[in-house]
Amino acid sequence: MAYPLPTDFKASWICADDAAALSIAALNRPDLAGSAFGIGGPEALDGSDIAEQFTDLLGRQVQYVAISPNDYEQALAKVFGRTVAFEIAEQFRWMAEQPNAAVDMSATAELFSVELTSLQRWLKKQDWSIPA
């Protein structure tokens, strides 16, 4: 599993469904207009944690490999074009300079009444079969 962040970089990964649920909940709270909230998933995981959860689920060894944002940019450019690839890679360049991307979501999730999805629960909901 290759990704453009250091292996020991902790981040509160969030699935798209949870990000959408938080956004919708925020739109339904006009009393919070002008407020800002850091959002993330319910747990801060590093590359090794993520690989371990994939290994447990799939029953085969998965390793996390930190790649450079430049290599990531080149790979993305083939699919999304140079401009989009550059902007995405820039976000990872900036993020990698931070100590981590861990977010304590307990108060925010409670404020918006959103149950956040753990990586393990998200992984179990996916179809990991390999087409013949």
How many residues does the stretch 84-99 hold that are open to solvent by 70 Å² or more (accessible area, probe 1.4 Å) and either modelled with pLDDT under 95 or under 21 Å from residue 41 (Cα atoms) (or both)?
4
Picking from 8, 18, which residue would you name as being surrounded by 13 or more Cβ atoms within 10 Å (Cβ to Cβ) and charged (D, E, K, R)?
18
Would you mention how many residues in the stretch 36-92 are more than 30 Å from residue 110 (Cβ to Cβ) and in contact with a Lys or Arg (Cβ under 7 Å, 6 or more places away or on another chain)?
1
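Condition check ((1) over 18 Å from residue 120 (Cβ atoms); (2) in a loop (DSSP other than H, G, I, E, B); (3) among the polar types (S, T, N, Q)) across all residues:
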site	(1), (2), (3)
5	yes, yes, no
8	yes, yes, no
21	yes, no, no
26	yes, no, no
31	yes, no, no
36	yes, yes, no
39	yes, yes, no
42	no, yes, no
49	no, no, no
Scan the stretch 120-131 and tell me whether some residue there is closer than 16 Å to residue 18 by Cα and crowded, with 16+ Cβ neighbours inside 10 Å.
yes
Collect the residues in the stretch 42-56 that are β-branched (Val, Ile, Thr), under 14 Å from residue 2 (Cα atoms) and over 13 Å from the mean Cα position of the chain (by Cα), keeping them in residue-number order.
none
If you go through 36, 44, the only one that is open to solvent by less than 70 Å² (accessible area, probe 1.4 Å) and among the aliphatic types (A, V, I, L, M) is 44
How many residues does the stretch 54-83 contain that are open to solvent by 70 Å² or more (accessible area, probe 1.4 Å) and assigned to a helix (DSSP H, G or I)?
9
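The values are calculated or read from the model by the stated rules, or taken from the named source; none is laboratory data. Worth saying up front: this structure is predicted, and the values here are computed from it rather than measured. As a convention, Cβ positions derive from the backbone with ideal geometry for all residues, glycine included, and neighbour counts pool all protein chains shown. Side chains included, ligands, DNA and RNA excluded: accessible areas come from the protein's heavy atoms. Shrake-Rupley method; radii C 1.70, N 1.55, O 1.52, S 1.80 Å.
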